[in-house]
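The values are calculated or read from the model by the stated rules, or taken from the named source; none is laboratory data. Just so you know, these numbers come straight off a predicted model, no measurement behind them. Every residue, glycine among them, receives a Cβ derived from its backbone with ideal geometry; neighbour counts consider all protein chains shown.
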Amino acid sequence: MELIRQLHDTFKPLAKVILFCDGKILYDHAAKTYTFDIKNLDSLDAYSPYLCIGHDKELSEDFYVINVEATANVFGIFMDPNSVEFTDIRTVLSFVAADDFHLLSRATILNKWKSANAYCSSCGEKAVFNPVEGAPDCKCSAPPAYPVISPCIITLIHDKNRLLLGRSKFFPANMFSTLAGFIEAGENAEEALHREVMEEVNVKVSNIQYFGSQSWPFPSQLMLGYFCKYESGDIILNDEELEEARWFDVDKLPTIPPDTSISGQLIRSYISDHLKP
Ligand SMILES: [Zn+2]
């Protein structure tokens, strides 16, 4: 997938459209997809120019993101209203394939970015899309409003056969996950990891090992995943972020995040790779 950010006055012939409304995404439960052929949708003329976010060279498909009004009727006459509905984005992210996860995250971030940058943040004038920069721009001296990505650390704290996991009050019942937090201005990722772990659960860690990264669109993070080893300290919840944090034996884990999320991948990877004899 070639990543692009352009406004098009009309759809390209093989347009695939990703539709958002009130913070939800249109999803077809029967076809298991969140991208819709333009020919199957009702007219979207009122939303031109359209934001194009990617191009699939093999299939010659262009992917568009549109935020529609709650009152709009976007369903074409052949769409089945029993299987197609606006659905919670986190729910869809929890079961899509890895390639779909990337595109869905990008679409979610850029949909919010387009809405938030209709006007210049410096002088308040209506922004004009700059096709060279691929971003809303203004005649004043403010730079183009490029999408902003916020780096975060996410880490699995391990101590041989046990894992330290926490849960926020927003999680489903009995779900626990790895710890995460935003990187502060001036910090590197390792410093942020030590600070966040101390702030959230009051323990010291060592032996930080990079695992991988993942885009996360709530609102626009880049999660940098690490393993780290427990060193010392008893669990004390030092800030308001977690409702509960506990050690779990790897044989008696609670509900953990799905494999589509980097938190789920960290936990499963540790169990499968790090416990081999
Ligand atoms: Zn301006």
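Annotations
- The combined condition, being at pLDDT 95 or above and away from the ligand (no atom under 16 Å from the Cβ), is fulfilled by Ala185.
- The C-beta contact set for segment 203-215 (first residue assigned by TED's automatic domain parsing to the domain that holds His158 and closer than 25 Å to Asp99 by Cα, second residue surrounded by fewer than 17 Cβ atoms within 10 Å (Cβ to Cβ) and at pLDDT 95 or above, distance under 7 angstrom, 6+ apart or interchain) comprises Ser213/Leu222; Ser215/Leu222.
- Segment 81-98 - residue that is in contact with a Pro (Cβ under 9 Å, 6 or more places away or on another chain) and farther than 14 Å from Thr35 by Cα and, of those, farthest from the ligand (Cβ to nearest atom): Phe95
- Boolean, Glu191 is more than 30 Å from Asp100 (Cβ to Cβ), under 22 Å from the mean Cα position of the chain (by Cα) and either buried (at least 17 other Cβ atoms within 10 Å of the Cβ) or not basic (Lys, Arg) (or both): no
Condition check ((1) more than 25 Å from Ser105 (Cβ to Cβ); (2) of a type outside the set (D, E, K, R)) across all residues:
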{"site": "Leu179", "(1), (2)": "no, yes"}
{"site": "Tyr230", "(1), (2)": "yes, yes"}
{"site": "Ile236", "(1), (2)": "yes, yes"}
{"site": "Glu240", "(1), (2)": "yes, no"}
{"site": "Phe248", "(1), (2)": "yes, yes"}
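- Count of segment 99-129 residues which are within 30 Å of Leu224 (Cβ to Cβ) and either surrounded by 15 or more Cβ atoms within 10 Å (Cβ to Cβ) or away from the ligand (no atom under 16 Å from the Cβ) (or both): 18
- Residues (farther than 11 Å from Pro151 by Cα and among the hydroxyl-bearing types (Ser, Thr, Tyr)) located in segment 183-237: Ser206, Tyr210, Tyr226, Tyr230, Ser232
- Residue list for segment 71-80, filter: exposed (fewer than 11 other Cβ atoms within 10 Å of the Cβ) and either outside the structural domain of Asp45 (by TED's automatic domain parsing) or over 16 Å from Thr33 (Cβ atoms) (or both): Thr71, Asn73, Ile77
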